[in-house]
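This report refers to the structure that appears directly beneath it.
The values are calculated or read from the model by the stated rules, or taken from the named source; none is laboratory data. Since the model is a prediction, treat every value here as computed from it, not as a measurement. Because the Cβ atoms are built from the backbone with ideal geometry, glycine has one as well, and the counts that use them run over all protein chains shown.
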Amino acid sequence: MKFSFGRLGAVLRKELREYRRSPFIIATMAVLPLVFLVEPLITIFRIGPSIPASTVDKAVGATFLILLIAPALLPAVIASYSVVGEREQGTLEPLLTTPLRREELLLGKALGVVVPAVGIAYVLFAVIQICARLFASNAEVVALLGQGPHILAEILFAPLLAGWSICVGMGISTRATDVRVAQQLGTLSSIPPLAVVALVSFNVFTPSVTLAVVFALVLLVADVILFRIVSALFDRERLITGARAQRQSRGDGHVAPPGTVRRIPRTGGTKDG
Amino acid sequence: MTGAHGVDPSATPPALIVDHLTKQFGQRTAFQDVSFTVASGEVFGFLGPNGAGKTTTVRTLGTLIAPTSGSATVAGIPLTSVNGPEIRQRISIMPENPGVYNRLTVIENLELFAGLYGQRNSGPRITKALEAVNLTARGRDLCGSLSKGLRQRVGLARALLNDPAVMFLDEPTSGLDPVAAREVHDLIIGLRERGVTVFLTTHRLEEAERLCDRVAILNTTLRLVGRPDELREQLFSRSLVVETLAPLVAPDDVFNSTEGVESWRPDGASSYVLSVVDPRTIAPHVTRALVAAGADVVSISESRHSLEDVYLQLINDDPEASQR
């Protein structure tokens, strides 16, 4: 049975419906971006016309970094709930009794997180751009924010950073036994790729289209590899029973026909949990 | 041979063939060397004490976990990890905990699973499944607002969505009130009439006796497989229960001289249990002997052993089970 986009879509629809009905998730998704929006706006508006170019550079760099924190952090918490949460509410086993493949389940769940997270990141970026053009008093700020490499980096890095966070979060979720632990670990593990972004934002590397594309490609490859690792970590048996799957050895013997009574002698065995 | 409910096991290939199947978790054995066959259209009861390995067997046959050794064929498909999705497309499993999404409505829950079974126009199927479990009026309610019994019904409706060839029901009436449990029983009877093979795990022995063509009793290893009446005959000698108005003066003389009575024992002041070969043939002889002895006969009836008696007899013989 091959990969099915129909099954993937069914998982994605379910995820989005669940978010819609969960006030906590909606509140988290709404409040955190507001925090990420307010701080850069204040920074940009405080830069006067006579501020030196190096200070403007740093401020704009920090703005880009903050804007990329949203797609990196927001999905981590939700993704790390994805599998362990299903386990905790007892819905994982019914899901796994269907023809659903693990890749379809994981990708469906990943898309369910990436779509709102990246959407929010792009909206934040658009709001910053518009506000800067309308209200910023320093022309250099507007010019830097509108630079091609910066915009390209934002467009490319937002989904890729979100992808990284989601994969790490889901990887942790497939192994965790407690939702709280999974969410804390997921948040922490989304931080490393931001270090790369920080280097670019603070001009340790000079931003250029080539650099943005190279970093994006590296992140893309890392995301794909990570997704494959997470798929491999998704062990049905372990998730359902808590025990690792064992390889089957070949057995043989007779099969009794239906309609006959058989009394089978005891051969021993130990308790089943 | 025709089964108890018109099922001819030889006419179609078996729905389940389990051959020396064993599952171990490290040093711990969940079930061992289990072999049985379930005919297509049969309702097969799977009984056993807590921790006997029933749920693990269902999970193994449902491709959720891999067996350690042995082999099986489920709905005509060999049980291998490669065949997992194909097997799961043809079966359905209702776990003991129905596991519904509380933030979704009943219909949204069913839409999800219809999608997972690859059904594009799922509306009519969902309507049919809701009708089957008598839940049509609650379709737009959030599952979180439903009682446990109603959530159980959502789980059953979900299991009906893909028209399964084999349906595994793990304690389907657990937590249901008698009326709801009766509705589930009727549903299982309806499934059998439609030719669906039902693999029923239950602790309710009267449920198994009422619904199942055959039952298996598992306690890590399989102890017994057969029709409930066959099991009773095999484990218990057939007997007549005689009640007289007053105690017999010389019961030895009456019963030992009566043809067909193998042995007897008192069962109260004026009641006697007689071991006989064929209760229907021997009862008239016993009645005549009692009347001839001047006894006032209140009743003579065949002693009926329930499936519960069979189960308890087997489990009481098993010291391991009694420690669970």
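Kindly evaluate A:Leu67 against the criterion of being buried (at least 20 other Cβ atoms within 10 Å of the Cβ), touching a helix residue (DSSP H, G or I) at 6+ places or on another chain (Cβ under 7 Å) and either touching a residue at least 12 places away in the same chain (Cβ under 8 Å) or away from chain B (no Cβ under 14 Å) (or both). Please lay out each step first, then the result.
Details: buried (at least 20 other Cβ atoms within 10 Å of the Cβ): yes; touching a helix residue (DSSP H, G or I) at 6+ places or on another chain (Cβ under 7 Å): yes; either touching a residue at least 12 places away in the same chain (Cβ under 8 Å) or away from chain B (no Cβ under 14 Å) (or both): yes.
In short, yes.
Could you count how many residues in segment B:71-92 are at the interface with chain A (Cβ under 9 Å from one of its Cβ atoms), of a type in the set (Gly, Ala, Ser) and not in a helix (DSSP H, G or I)?
Result for segment B:71-92: 3.
Could you tell me how many of the residues in segment B:286-302 are outside any strand (DSSP E or B) and either more than 37 Å from the chain's Cα centre (by Cα) or polar (S, T, N, Q) (or both)?
Result for segment B:286-302: 10.
Is segment A:160-172 home to any residue that is surrounded by fewer than 24 Cβ atoms within 10 Å (Cβ to Cβ), more than 16 Å from A:Val214 (Cβ to Cβ), β-branched (Val, Ile, Thr) and in contact (Cβ under 8 Å) with a residue 24 or more places away in the chain?
Taking every residue of segment A:160-172 in turn, none turns out to be surrounded by fewer than 24 Cβ atoms within 10 Å (Cβ to Cβ), more than 16 Å from A:Val214 (Cβ to Cβ), β-branched (Val, Ile, Thr) and in contact (Cβ under 8 Å) with a residue 24 or more places away in the chain.
Return the residues of segment B:35-53 that are within 19 Å of B:Val198 (Cβ to Cβ), of a type outside the set (Ser, Thr, Tyr) and at the interface with chain A (Cβ under 9 Å from one of its Cβ atoms); say none if nothing qualifies.
Those that are within 19 Å of B:Val198 (Cβ to Cβ), of a type outside the set (Ser, Thr, Tyr) and at the interface with chain A (Cβ under 9 Å from one of its Cβ atoms): B:Phe36, B:Val38, B:Ala39, B:Glu42, B:Phe44.
Give the residue, chosen from B:Val276, B:Val249, B:Val310, that is at pLDDT 75 or above, of a type in the set (Val, Ile, Thr) and surrounded by 11 or more Cβ atoms within 10 Å (Cβ to Cβ).
Just one listed residue meets the conditions, B:Val276.
Exactly one condition in (1) more than 22 Å from A:Phe125 (Cα to Cα); (2) touching a Cys at 6+ places or on another chain (Cβ under 9 Å) is not met by A:Phe45; state its number.
(1)
Assess whether A:Tyr81 counts as being in a helix (DSSP H, G or I) and surrounded by 19 or more Cβ atoms within 10 Å (Cβ to Cβ).
So A:Tyr81 fits the description; yes.
Do we have any residue at all in segment B:104-118 that's within 25 Å of A:Met1 (Cβ to Cβ), outside any helix (DSSP H, G or I) and more than 9 Å from chain A (Cβ to nearest Cβ)?
No, the conditions are met nowhere in segment B:104-118.
If the requirement is being among the acidic types (Asp, Glu), closer than 30 Å to B:Ile77 by Cα and touching a residue at least 60 places away in the same chain (Cβ under 8 Å), which of these qualifies: A:Glu93, A:Glu86?
Result: A:Glu93 is the single residue among A:Glu93, A:Glu86 that is among the acidic types (Asp, Glu), closer than 30 Å to B:Ile77 by Cα and touching a residue at least 60 places away in the same chain (Cβ under 8 Å).
Of the residues B:Thr63, B:Thr29, B:Thr56, which single one is more than 7 Å from chain A (Cβ to nearest Cβ) and under 28 Å from A:Arg102 (Cβ atoms)? Give the steps one after another, and end with the answer.
Details: B:Thr29 fails: more than 7 Å from chain A (Cβ to nearest Cβ); B:Thr56 fails: more than 7 Å from chain A (Cβ to nearest Cβ).
Just a single option satisfies the conditions, and that option is B:Thr63.
Name every residue in segment B:93-103 that is more than 7 Å from every other protein chain (Cβ to nearest Cβ) and outside any loop (DSSP other than H, G, I, E, B), in order of residue number.
B:Met94
A:Met29 passes all but one of (1) free of Cβ contacts under 8 Å to residues at least 60 places away in the same chain; (2) within 16 Å of A:Thr187 (Cβ to Cβ); which number fails?
(1)
Looking at A:Glu140, A:Glu154, A:Glu103, which is the one that is assigned to a helix (DSSP H, G or I), charged (D, E, K, R) and under 19 Å from A:Leu32 (Cα atoms)?
That would be A:Glu154, the only listed residue that is assigned to a helix (DSSP H, G or I), charged (D, E, K, R) and under 19 Å from A:Leu32 (Cα atoms).
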